[in-house]
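Working notes, structure below.
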Amino acid sequence: MGTDSTVIPSVAYYNFDEDGATDSSGIKLFSSVSPGGYDFSLIDSAFNEYEIINIDKENPFFLMSADETLDVTVKLASKTATALLLTVVDEVNEAPIAGAIVRLVNATLGYEKELETASDGKVFFPDPIDFPDLFLPETYQVEIQAEGFSNLSSSVTINANELKLEERRLTSLE
């Protein structure tokens, strides 16, 4: 509803603030939610175990009326997964770059996968669609292409049982 900045530290006042776990199918339904802006985050205990790898709506998201229904899909990865979460941003303003093509290659392993960054500039390897494709702890080449930006090539080392969080900054051609 707002923030009381007369108190230090400032205090936020919410119209709706609810925690909850998903059911066995991975779904959590919130009902009787009033119109307004909502922000999704993990509660403290989940912060230790999981990382948000994708939210299919821009966070925060908004309900315009009490009759509106909004489905939000959130994908999580275990922080102990042998995986890579790469964020691609503009080096000047640090804005996420959606639609960048990220190619991850390890010729020795025979691994080559090309994925597109989501609206938040993130891409996750291994691709859950291909799971359980072999994705081993090793050094991989990362090649990134995005319209209006210089191509970038670098390497990343993936460790066993560790979700590697990486960021790559692209230079605008303008």
Item to check | Condition met for Ser25 (outside any helix (DSSP H, G or I), under 19 Å from the mean Cα position of the chain (by Cα) and either touching a residue at least 12 places away in the same chain (Cβ under 8 Å) or closer than 26 Å to Leu85 by Cβ (or both)) | outcome: no
Checklist entry - Does the range 139-147 include one or more residues that are more than 14 Å from the chain's Cα centre (by Cα) and in a loop (DSSP other than H, G, I, E, B)? => result yes
Checklist outcome for this item: Given the conditions (1) loosely packed, with under 15 Cβ neighbours inside 10 Å; (2) out of contact with any strand residue (DSSP E or B) (no Cβ under 8 Å at 6 or more places or on another chain), every one holds for Phe40 apart from (2)
Item to check | Tally, over the range 50-94, of residues that are over 16 Å from Asp127 (Cα atoms), in contact with a Gly (Cβ under 8 Å, 6 or more places away or on another chain) and assigned by TED's automatic domain parsing to the domain that holds Lys164 | outcome: 2
Item to check | Filter result (in contact (Cβ under 8 Å) with a residue 12 or more places away in the chain and either among the aliphatic types (A, V, I, L, M) or not in a loop (DSSP other than H, G, I, E, B) (or both)) within the range 47-61 | outcome: Tyr50, Glu51, Ile52, Ile53, Asn54, Ile55, Phe61
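The values are calculated or read from the model by the stated rules, or taken from the named source; none is laboratory data. Nothing here was measured: the structure is a model prediction, and the numbers come from that model. With ideal geometry, Cβ positions are generated from the backbone for all residues, glycine too; neighbour counts draw on all protein chains shown.
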